[in-house]
Amino acid sequence: MNFQPIPEIKQLIREAIINNKHNVIVIWGELGTGKTTLMLQMLLWIVKNFMKIEPANCKCDYLCPHWKKVLNDLTKFTFWEIRDTIKKAVTNNIRLPGLGWDDLAVYFHRSNIQYMHPAVKDFFSKYNFVRPYLANLIITVPNIHFVPEQLLAFATADIWVQSRGIGDFDRAKLRRSFWGAKRSWTKYYDGYDVTWKPVPADVYKEYEKMRHQHALEAFEKPEEIFVTTMPKPKAYTEEESLF
């Protein structure tokens, strides 16, 4: 199997890895249009070109134990998984070439984007420090407005999926201006109409096993999976109360 993502996207990913940059790439569009397929294509291309697989130069198929572990390590679903994976990279002082955050809107409740859960706020307050430890964060979401503004501000590209396997790829670049209240802004450059093919059925089947396991955990331990409730206010003692 030889995964070859769209050349323009491949170049963007490569630049981040080789030149110590950071990408947030948002893949968005209606449900069932192949967003996850594209994300998997990109992640598997990263693995083939920039990660060492054990045993060295593993040539077996993508469902061997080594590839299963890689797929599990790079594909995340919940906010907590993303945060803890990046925290581990920082603690161990390693640089991850890529992470996939699939279906952010499912596990990351819209109300908490609006009101900003303290744990999420704390994570984004430190996001400037992520670059040395993560080259590419690839997000899939039905609507780009479901991505928190604090994270969307770091977006370097987006792919609007118009129908299955067909999308519009745009890159975001900062531009400078000496006029108006804002002296600079982000301009989205018109990119390319892009197409991609499905990943092999056995690879997607393995991914679906992972997603199903997360769905089970979401029903069994929702308080550990979802960012759905704000922390309870502190209960003040009578001595601490001002009233």
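Is there any pair linking a residue in the range 186-212 that is farther than 20 Å from residue 102 by Cβ and among the acidic types (Asp, Glu) to one that is at pLDDT 80 or above and part of a strand (DSSP E or B), with Cβ under 8 Å and at least six apart or on different chains, and which?
Partner pairs satisfying both residue conditions: 190/170; 193/166; 193/167; 193/168; 193/169.
Just checking, does the range 121-134 include any residue being in contact (Cβ under 8 Å) with a residue 40 or more places away in the chain, open to solvent by 10 Å² or more (accessible area, probe 1.4 Å) and touching a His at 6+ places or on another chain (Cβ under 6 Å)?
yes
Considering every residue within the range 221-241, establish whether at least one is of a type in the set (A, V, I, L, M), at pLDDT below 80 and open to solvent by 50 Å² or more (accessible area, probe 1.4 Å).
So far as the range 221-241 goes, yes, one or more of its residues are of a type in the set (A, V, I, L, M), at pLDDT below 80 and open to solvent by 50 Å² or more (accessible area, probe 1.4 Å).
Identify all residues within the range 11-49 that are open to solvent by 20 Å² or more (accessible area, probe 1.4 Å) and within 15 Å of residue 168 (Cα to Cα); write none if there are none.
Result: 28, 30.
So, restricting to helices (runs of 4 or more DSSP H) that lie completely within the range 1-113, which ones have at least 3 residues that are touching a strand residue (DSSP E or B) at 6+ places or on another chain (Cβ under 8 Å), within 13 Å of residue 134 (Cα to Cα) and modelled with pLDDT of 90 or more?
Once the helices (runs of 4 or more DSSP H) in the range 1-113 are filtered for at least 3 residues that are touching a strand residue (DSSP E or B) at 6+ places or on another chain (Cβ under 8 Å), within 13 Å of residue 134 (Cα to Cα) and modelled with pLDDT of 90 or more, what remains is 7-18, 79-92.
In the range 168-205, how many residues are modelled with pLDDT under 80, open to solvent by 100 Å² or more (accessible area, probe 1.4 Å) and in a loop (DSSP other than H, G, I, E, B)?
Count: 5.
The values are calculated or read from the model by the stated rules, or taken from the named source; none is laboratory data. These figures come from a predicted structure and were not determined experimentally. A quick note on method: Cβ atoms are made from the backbone with ideal geometry, for glycine too, and the neighbour counts reach across all protein chains shown. These area figures cover heavy atoms from the full protein model, side chains too; ligands, DNA and RNA do not enter into them. Shrake-Rupley method; radii C 1.70, N 1.55, O 1.52, S 1.80 Å.
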